[in-house]
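Read the figures in this text as sums done on the coordinates, not as results from a lab. Note that the structure is a prediction, hence the values are computed from the model and not measured. In this analysis, Cβ positions are derived from the backbone assuming ideal geometry, glycine residues included, and neighbour counts consider all displayed protein chains.
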Amino acid sequence: MRRCLVPLFLFFALVAATPEVTEEYPVVVVVPLGEPSEDLVEFIAESLKERFRFTVRVADPEPLPDFAWYQPRQRWRAEKLLTHLKQMDLGEAWRVTGITEEPISTTKGKRYDYGIAGLADMDGKASVLTSYLFRRVKQKNRKRYLRYMENLVIHEVGHTLGLDHCPLVRCIMADAKGNALKAARLSINEFCPRCTRLIRRHLRDHKVKGKWSKRERAILKKHSLREETEYMEGE
């Protein structure tokens, strides 16, 4: 019996001395631009933590840069805010998301200055979003407002992960088509089967969420076939 105690003691001692191995996730930094409410910034950060395999950090508030201001329409150019975010010294940041409550805009088609809810670099580092278009929803229904904001940040960060717009209006990656309020209302705030598959490695939960009809799955299948055809023709 004594001869067995020594190996067991050594075994437990070695186990106790073995450092715990933790998986390292890429760092995503949330940057408050201007003076967004602390509650909103915290909610955005938590939404990213819950959905993605990210280490999420919140930076100190950053003034909106003067060079991004568009005086004729009294709002901030989103593409210039993306440039500003990418130029910031944020250490090991893999992705960066700017959040503001001020109006932002970009060029859309023939309209030089078009108001938007968010903008992101496709498969790139930066995204920026604003709660400005949802300000009236916030006054009437805070729960709905937060759901819309969750939809917005997940959508824009999805673009930075390489996701394009989805053909399904209920998918979180659906194209707003100039109406962010309608898109947020129709969305179930989940990735469809196609979008889930494309960014599975970044998701905390790999399972497809929500119920997707046969018609929706047929649309996805048709869309995937078209993507494959376009890819082959482009080679």
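Structural remarks
- Spatial separation of Cα centroids for segment 68-88 and segment 140-172, in angstrom: 22 Å
- The value of relative contact order for segment 132-192, using C-alpha pairs under 8 Å at least six residues apart, is 30 percent.
- Cross-link pairs beyond the 19 Å C-alpha cut-off, checked among LYS49/LYS125; LYS125/LYS209; LYS49/LYS209; LYS80/LYS108; LYS138/LYS182: LYS125/LYS209
- Mean-square fluctuations from a GNM of the chain, with a 10 angstrom spring cutoff on Cα atoms, peak among SER131, SER37, SER187 at SER37.
- In order along segment 141-157, the phi-based Karplus estimate (6.51 cos²θ - 1.76 cosθ + 1.60, θ = phi - 60°) of 3J(HN,Hα) comes to 8, 5, 4, 5, 4, 5, 5, 5, 5, 4, 4, 5, 5, 5, 4, 5, 5 Hz; Gly and Pro are listed as x.
- When only the Cβ of Lys, Arg, Asp and Glu is charged (+1, +1, -1, -1), the dipole of the chain relative to its Cα centre reaches about 1520 debye.
- Segment 109-211, dipole about Cα centre (Lys/Arg Cβ +1, Asp/Glu Cβ -1), debye to the nearest 20: 640 debye
- Full extension of the chain segment joining LYS182 with ASP66 gains 38.6 nm, where the gain is 0.36 nm per residue of separation less the Cα-Cα distance.
- Taken one residue at a time, the phi angles of segment 29-37 give Karplus couplings (6.51, -1.76, 1.60, θ = phi - 60°) of 10, 9, 10, x, 9, x, 9, x, 5 Hz. Gly and Pro are set to x.
- Angle in degrees between helix 78-87 and the longest Cα principal axis of the chain, rounded to the nearest 10: 40 degrees
- Counted by neighbouring Cβ atoms within 10 Å, the residues ARG147, ARG217 run from fewest to most as ARG217, ARG147.
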